[in-house]
Amino acid sequence: MKAVFWMLVGMRLAAQPGCMLEGVTTDFVTAKALSGVKVYAYIAARGSSAAYLRRTDARGRYCFERLAPGTYHIVAQHPGYLGQLYGARPGGNEAIELTVAGDRPLPAANLKLVPRPILTGTVWHADGQPAAGVEVTVSQKTQTRHGPDQEPVESRQTDDRGVFLFRNLAPGTYYLRAESSTHETERFNIEFLNGQGQRVREGETVTYFPSTSDFLSARPITLKAGQELSGITVTLRKAPLRRVSGRVSGATANRMVSLNPQTDGIDGAVIAVKPDGSFERSDLLPGKYSLMVEGESADRALAEQPVDLTTSDVEGLVLEPRETFRVPLVLRTEGPAPPLRPGQFWITLNSSSRGSSITAHPNQDGNTEFSNVLPDTYRVRAYTQGQPYFLKSVEWAGAARSAAALHLHGPSGGPLELIFSSKVATIDGHVMARATDAVTIVLAERAAADGDADERHGSSDQDGRFQLDNIKPGKYRLFAIEGFDDGLWGSTELAAALHSVDVDLSESETRHVTVPLVTAKEWNAAVERFGQ
């Protein structure tokens, strides 16, 4: 009888299901197992919030016995720690997707949770009073083809004591800036006499830690896992307010001059034009602006001029409105594919001389127009939002034109015709080595006549497979980068230092590619050398 009992027990134990997905959660710093951690398996489909939930045991282990077929993200949450996506850098969103198909168990998904860092400090007005309601922003340095820039990460407002607090930042290097609201800026629009007896007004300007108005000269703040970094102090800088004045040629009543800031951290302004055509304003923070006077109707006249108020006032400007025109837009498609869906893509004309752009959204008929177009040279760009088309050619005045340098000199050229082709290319492939962090697939155009190359980003699954669809035919470099950080991408020297594969894509081609893995260690070393 006892033998039968133990045989039944053994059968019951053998019949218990194993784990479709399992793993262990540990502390990123101490490597100790964490118990009681909530581990979610989120269905990765767009718009879905469905998830399975498990808690880790005393050994930090979790187990999902069964998961329905589909693609999942694994997320761990625990008090005192940052939320962690499986395969993502701490605080990052680029995770490894896990695909469940049939009853095949998935590879173990271990998660290292980062103790939550805390960054806190105080912002002061120039007169020593606490600065309440000031926006404090932490940013990280990024790289572009034009040099270093900043990417905001998170913003908070100071309380009535001037205190700010960040508790959701990942470990890393940050730059901190404080910016007064318009109301607080007006508090310091005071007037005084300088050494030459001239009347000067001052206002508070954007201030980077510890006390500079220039991002490139700001002091970096390094935040470590679990660190509570307090005592950061920023005193808002004062700057002489600038004056701009001039007149609008041929102005009529009810005209306005708009000042659009081109310098980070300053607000725009609007100036009413007086009946005699003159305008002036004397409470502007130092920086670069673009002045614009719009016409009375959509296609009458427009004046646009840059103005630099960084070091001095600018007076005596004469704005000469120029006649604008409309450019009808006609879209044509080639190839057997569904029609372009209106409302889900747009076209832009980017001015090469003024740095401004005009956007058109095609209507139900696929046609639209650009309005307020000034004579200039433009780059035509089409954003198809994942639809199976690419912009193949451009025609203006009955002749083929360059999409990178389209010369528009007036309305007499007829409609601007854009020809879209459905003969898109596809890449599917495999990453050579297995990665422990998320792998980002980067497809970068090898050469562009105007220096503005196209790029596509994707990701690989748990088996290193990936696919990129709807690619414009051309010559590309293909990268597979573990621990990729988009903010550090942009240097040609950095790209040249990484393993890649050259891919030449023809119309309608599907290319199978195997890509060498750029490990997180190799990526970080290249960034340290070329990306900062």
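The values are calculated or read from the model by the stated rules, or taken from the named source; none is laboratory data. Remember, predicted model here, so these are calculated numbers, not experimental data. Methodologically, a virtual Cβ is constructed for each residue, glycine included, from the backbone with ideal geometry; neighbour enumeration extends over all protein chains shown.
Going by the structure shown, is E65 among the acidic types (D, E), farther than 30 Å from F209 by Cβ and surrounded by 15 or more Cβ atoms within 10 Å (Cβ to Cβ)? No: the conditions fail for E65. Return yes or no: is Q462 touching a strand residue (DSSP E or B) at 6+ places or on another chain (Cβ under 7 Å), modelled with pLDDT under 95 and either assigned by TED's automatic domain parsing to the domain that holds L98 or surrounded by fewer than 14 Cβ atoms within 10 Å (Cβ to Cβ) (or both)? No: the conditions fail for Q462. With respect to the conditions (1) of a type outside the set (G, A, S); (2) outside any loop (DSSP other than H, G, I, E, B); (3) more than 25 Å from E151 (Cα to Cα), K238 falls short on a single one, namely (3).
Residue count for the stretch 271-288 under the criterion of being farther than 10 Å from G246 by Cβ and small (G, A, S): the result is 3.
Where residues in the stretch 382-398 are touching a Gly at 6+ places or on another chain (Cβ under 9 Å) and surrounded by fewer than 17 Cβ atoms within 10 Å (Cβ to Cβ), which of them is farthest from R332 (Cα to Cα)? Per the criteria, the residue is A397.
Scanning the stretch 158-174 for residues that are at pLDDT below 90, surrounded by fewer than 18 Cβ atoms within 10 Å (Cβ to Cβ), within 25 Å of F530 (Cα to Cα) and outside the structural domain of L284 (by TED's automatic domain parsing) turns up nothing.
Collect the residues in the stretch 163-182 that are among the aromatic types (F, W, Y) and closer than 11 Å to L119 by Cα, keeping them in residue-number order. I'd like the intermediate steps shown before the answer.
We begin by selecting, within the stretch 163-182, every residue among the aromatic types (F, W, Y); these are 164, 166, 174-175.
Answer for the stretch 163-182, where residues must be among the aromatic types (F, W, Y) and closer than 11 Å to L119 by Cα: F164, F166, Y174.
Considering only residues that are modelled with pLDDT of 85 or more and polar (S, T, N, Q), look in the stretch 175-211 and name the one that is farthest from G287 (Cα to Cα). Reasoning before the result, please.
At the first step, the residues of the stretch 175-211 found to be modelled with pLDDT of 85 or more are 175-179, 206-211.
If we keep only those that are polar (S, T, N, Q) as well, we get 207, 211.
Numbers: T207: 13, S211: 17 Å.
So, considering only residues that are modelled with pLDDT of 85 or more and polar (S, T, N, Q), the one farthest from G287 (Cα to Cα) is S211.
Each row is one residue, and each column tells you yes or no for (1) touching a His at 6+ places or on another chain (Cβ under 9 Å); (2) surrounded by fewer than 20 Cβ atoms within 10 Å (Cβ to Cβ).
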residue: A58; (1), (2): no, yes
residue: A76; (1), (2): no, no
residue: E97; (1), (2): yes, yes
residue: V136; (1), (2): no, no
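To keep it simple, each residue is scored yes or no on (1) under 26 Å from F390 (Cα atoms); (2) among the polar types (S, T, N, Q); (3) in contact (Cβ under 8 Å) with a residue 12 or more places away in the chain.
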residue	(1), (2), (3)
G429	yes, no, yes
M432	no, no, yes
T436	no, yes, yes
R446	yes, no, yes
D469	yes, no, yes
R477	yes, no, yes
D486	yes, no, yes
T510	yes, yes, yes
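Just to be sure I understand, how many residues within the stretch 304-329 are closer than 26 Å to P375 by Cβ and either free of Cβ contacts under 8 Å to residues at least 12 places away in the same chain or more than 31 Å from the chain's Cα centre (by Cα) (or both)? Please lay out each step first, then the result.
From the stretch 304-329, those closer than 26 Å to P375 by Cβ are 304-308, 314, 316-329; that's our starting set.
Subset that is either free of Cβ contacts under 8 Å to residues at least 12 places away in the same chain or more than 31 Å from the chain's Cα centre (by Cα) (or both): 314, 316-326, 328.
Total meeting the criteria: 13.
Suppose the filter is part of a strand (DSSP E or B), farther than 23 Å from Y42 by Cβ and modelled with pLDDT of 90 or more; does V75 pass it?
Working: part of a strand (DSSP E or B): yes; farther than 23 Å from Y42 by Cβ: no; modelled with pLDDT of 90 or more: yes.
Against the criterion (part of a strand (DSSP E or B), farther than 23 Å from Y42 by Cβ and modelled with pLDDT of 90 or more), V75 does not qualify.
Might you let me know whether the stretch 440-450 holds any residue that is over 30 Å from L331 (Cα atoms), surrounded by fewer than 18 Cβ atoms within 10 Å (Cβ to Cβ), under 24 Å from the mean Cα position of the chain (by Cα) and of a type outside the set (A, V, I, L, M, F, W, C)?
No, the stretch 440-450 has no match at all.
Going by the structure shown, is R379 more than 16 Å from R332 (Cβ to Cβ) and in a loop (DSSP other than H, G, I, E, B)?
Values: more than 16 Å from R332 (Cβ to Cβ): yes; in a loop (DSSP other than H, G, I, E, B): no.
So R379 does not fit the description; no.
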